[in-house]
Amino acid sequence: MRIAIDSDDAGNELKRVIVEHLRTLGFEVDDLDLTSREKVDYPDVGHNLARKVAEKKYERGILICGTGLGMAMIANKVEGIYAGVCHDVYSAERLSKSNDAQILTMGARVVGPELAKSVVSAWVHSEFAGGGSTRKVARMRELEKVERQKSSTDRPKP
């Protein structure tokens, strides 16, 4: 599994811990490190990674900021992407097993390095379980299309 990871300045230290942890587990990890190349804030970092996951350049992505909230919000703006904030192992498992989410977000000001490693391990070792969740995830995708169509017809004509 190829995993992309990135963070804003608040998450850089935790990002380094998670990159090393994932590599120790045997995963191929690319640190996109957008903030090292240009002056950007978390919306640009999150959008950049989410676009790459949506384009199938990576199977999954991890975003880290101060709380994980802003990163989840911007990642979820990218069509076809499902991202969620997790600061505990159970939620991380459910993010994948029940919601088929491709992006995990975390807050470096909320979770410490050891817990973050446990959360990431739970998430990367979980897969979509299907079952009763299949119908719900399909419905989310249908509603996403409805919103996209609605927003395209709501645009003013030139």
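Each row is one residue, and each column tells you yes or no for (1) surrounded by fewer than 19 Cβ atoms within 10 Å (Cβ to Cβ); (2) modelled with pLDDT under 95.
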| residue | (1), (2) |
| --- | --- |
| M1 | yes, yes |
| L14 | no, no |
| V17 | yes, no |
| L25 | yes, no |
| D30 | yes, no |
| L49 | no, no |
| I74 | no, no |
| H87 | yes, no |
| S91 | yes, no |
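List pairs: first in the range 86-100 and under 14 Å from A72 (Cα atoms) and among the aliphatic types (A, V, I, L, M), second in a loop (DSSP other than H, G, I, E, B) and open to solvent by less than 50 Å² (accessible area, probe 1.4 Å), Cβ under 8 Å, 6+ apart or cross-chain?
From the range 86-100, the pairs are A92/C86; A92/S126; L95/C86; L95/A101; L95/S126.
Test M140 against the stated conditions and say whether it is open to solvent by 50 Å² or more (accessible area, probe 1.4 Å) and of a type in the set (A, V, I, L, M).
yes
For S36, are the conditions met, namely being in a helix (DSSP H, G or I), open to solvent by less than 60 Å² (accessible area, probe 1.4 Å) and of a type in the set (G, A, S)?
No.
Any chance the range 56-68 includes a residue that's in a helix (DSSP H, G or I), open to solvent by 30 Å² or more (accessible area, probe 1.4 Å) and either closer than 29 Å to D9 by Cβ or modelled with pLDDT of 95 or more (or both)?
Within the range 56-68, not a single residue is in a helix (DSSP H, G or I), open to solvent by 30 Å² or more (accessible area, probe 1.4 Å) and either closer than 29 Å to D9 by Cβ or modelled with pLDDT of 95 or more (or both).
Which of the residues that make up the range 5-16 are more than 18 Å from N48 (Cβ to Cβ) and in contact (Cβ under 8 Å) with a residue 24 or more places away in the chain?
E13, L14
Quick check on the range 101-126: of everything there that is outside any helix (DSSP H, G or I), in contact (Cβ under 8 Å) with a residue 24 or more places away in the chain and open to solvent by 60 Å² or more (accessible area, probe 1.4 Å), which residue is nearest to A10 (Cα to Cα)?
Applying the filter and picking the extreme gives R109.
What pairs come up if the first residue lies in the range 17-35 and is within 17 Å of L49 (Cα to Cα), the second is among the small types (G, A, S) and in a helix (DSSP H, G or I), and their beta carbons are under 7 Å apart, counting only those six or more places apart or on different chains?
Once the first residue is within 17 Å of L49 (Cα to Cα) and sits in the range 17-35, its partners that are among the small types (G, A, S) and in a helix (DSSP H, G or I) give I18/A116.
Looking at K57, K15, can you tell me which residue is closer than 23 Å to R109 by Cα and not aliphatic (A, V, I, L, M)?
It is K15.
Test each condition in (1) out of contact with any Cys (no Cβ under 8 Å at 6 or more places or on another chain); (2) within 25 Å of R141 (Cβ to Cβ); (3) part of a strand (DSSP E or B) for D30 and report the one that comes out false.
(2)
Would you confirm whether or not the range 127-136 contains a residue that is in a loop (DSSP other than H, G, I, E, B), open to solvent by less than 50 Å² (accessible area, probe 1.4 Å) and more than 17 Å from I18 (Cα to Cα)?
Yes: the range 127-136 contains one or more residues that are in a loop (DSSP other than H, G, I, E, B), open to solvent by less than 50 Å² (accessible area, probe 1.4 Å) and more than 17 Å from I18 (Cα to Cα).
The values are calculated or read from the model by the stated rules, or taken from the named source; none is laboratory data. None of these values were measured; they are calculated from a predicted model. We place every Cβ from the backbone using ideal geometry, glycine too, and count neighbours over all the protein chains shown. Accessible surface areas use protein heavy atoms only, side chains included; no ligands, DNA or RNA. Shrake-Rupley method; radii C 1.70, N 1.55, O 1.52, S 1.80 Å.
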